[in-house]
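I have placed the structure first, in the form of structure tokens, so that the comments after it can refer back to it.
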Amino acid sequence: MTQCPMKKKVLLPFLAILVFGGGMLAWRHAQEGKNASNRLTLYGNVDIRQVQLAFKGSERIKGMLVKEGEKVKKGELLASLDTDKFEANVELRRAQLAAQEQVVARLEAGSRREEIGKARAELDAARIDADNADRTYLRLMNLAKKHFISEQQVDDAKAASDAARAKSRAASEVLKLAILGPRKEDIRQAKSALDADQAALSVASLDLMDARLYAPSDGVIQDRILEPGDMASPQKPVYTLALTNPLWVRAYVSESDLGKLKPGMNAEVTTDSYPGKTYRAWVGYISPSAEFTPKSVETPELRTSLSYQVRIYVCNPGNELRLGMPATVFVPLRDAVKAEPCKNQ
């Protein structure tokens with residue numbers, strides 16, 4: 001009979017420990033459930049975006065300035081072609097343009113004062129010749145009436161008089177044209193030819209500019225395909241550029257959680273490569289249409305279920321995130337605020 005109180009005294013501490021432990025487990029599960037309800041977890045990969053860079057013109061490559069693995073900035077010179085042919089074409093087009101500019105200037109200026117004076121002098125001379133031819137014809141006609149000359153001589157004098165009179169009229173028209181100046185149609189035609197020469201010079205200048213290849217965006221040179229001396233063309237890529245700015249994680253959200261996301265919401269990104277380290281991020285693009293979740297993305301739901309693609313823009317100040325790297329995204333749902341863009345990385 002004396003052993004029962006002793007057993008109760010021994011069991012009481014164990015029971016207290018069990019009750020306390022059970023309470024702690026229940027509280028922990030409640031906290032985890034509370035935290036889970038306060039944030040949304042997504043799974044995806046740092047998106048791989050590539051650009052095939054090629055020259056617009058066809059010519060031999062003169063220089064390649066970057067190698068595989070090098071980081072480049074937007075607008076940085078990557079490669080150049082041999083420009084001798086392009087520079088010569090620019091000079092040719094510039095000379096043709098200058099010549100046509102002089103043609104247009106001459107037509108717009110009209111006839112010079114000296115040209116008008118010359119036309120007027122030629123008209124005066126033609127009139128004098130015509131008057132002299134008329135008097136000669138009259139004298140010979142009087143002589144013919146007295147039978148001193150033949151009829152043939154009179155006819156020749158008549159023809160000479162008519163020809164002189166026609167030359168006088170022609171000289172008069174030449175003077176009028178000199179005073180009026182070039183026709184408006186001729187001026188418009190010359191100006192059209194000038195516009196064509198200007199366009200040809202612009203094209204030649206663009207060809208010269210296109211002989212240099214610049215980075216269209218920040219990124220990393222993934223492949224260097226051609227080398228100096230190779231013949232480049234628009235169909236032959238020179239580099240493969242992996243874009244790194246902006247950087248985003250392509251993830252997928254189920255339809256049941258779609259209403260919880262809005263563009264601009266704050267987010268955090270973690271990776272297996274850097275455990276415990278988070279990267280500041282925000283929700284960017286949300287797809288307007290559903291699709292099947294790709295097998296490469298691990299989600300708690302069935303992979304065959306429909307989901308919506310989401311882009312989570314992420315800051316990468318230490319350049320630790322690599323293209324294609326698996327990533328986990330946490331989106332706080334309580335007190336969500338709009339995130340600010342990354343600073344210069």
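Tabulated data
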quantity	calculated
Some residue of the stretch 205-226 being of a type in the set (Ser, Thr, Tyr) and at pLDDT 95 or above	yes
Condition broken by ALA160, with the remaining ones in (1) assigned to a helix (DSSP H, G or I); (2) under 30 Å from LEU107 (Cα atoms); (3) not charged (D, E, K, R) satisfied	(2)
Filter result for the condition that a residue is surrounded by 12 or more Cβ atoms within 10 Å (Cβ to Cβ) and modelled with pLDDT of 90 or more, over ALA166, ALA126, ALA171, ALA178	ALA166
Which numbered condition LYS191 fails, given (1) surrounded by 14 or more Cβ atoms within 10 Å (Cβ to Cβ); (2) under 50 Å from the mean Cα position of the chain (by Cα); (3) more than 29 Å from ARG112 (Cα to Cα)	(3)
Candidate set from the stretch 146-160 (those that are of a type outside the set (Ser, Thr, Tyr) and over 21 Å from ASN132 (Cβ atoms)); member that is surrounded by the most Cβ atoms within 10 Å (Cβ to Cβ)	GLU151
Residue check, ALA211 of a type in the set (A, V, I, L, M, F, W, C), within 16 Å of the chain's Cα centre (by Cα) and surrounded by 18 or more Cβ atoms within 10 Å (Cβ to Cβ)	yes
GLU173, sole failed condition from (1) more than 60 Å from the chain's Cα centre (by Cα); (2) without any contact (Cβ under 8 Å) to a residue 24 or more places away in the chain	(1)
Residue satisfying condition, being out of contact with any helix residue (DSSP H, G or I) (no Cβ under 7 Å at 6 or more places or on another chain), without any contact (Cβ under 8 Å) to a residue 40 or more places away in the chain and of a type outside the set (Ser, Thr, Tyr), within set ARG188, ARG165, ARG250	ARG188
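The values are calculated or read from the model by the stated rules, or taken from the named source; none is laboratory data. Here the structure is a predicted model, which means the values were calculated and not measured. For neighbour counting, all protein chains shown are included, and Cβ atoms are generated from backbone atoms with ideal geometry for every residue, glycine included.
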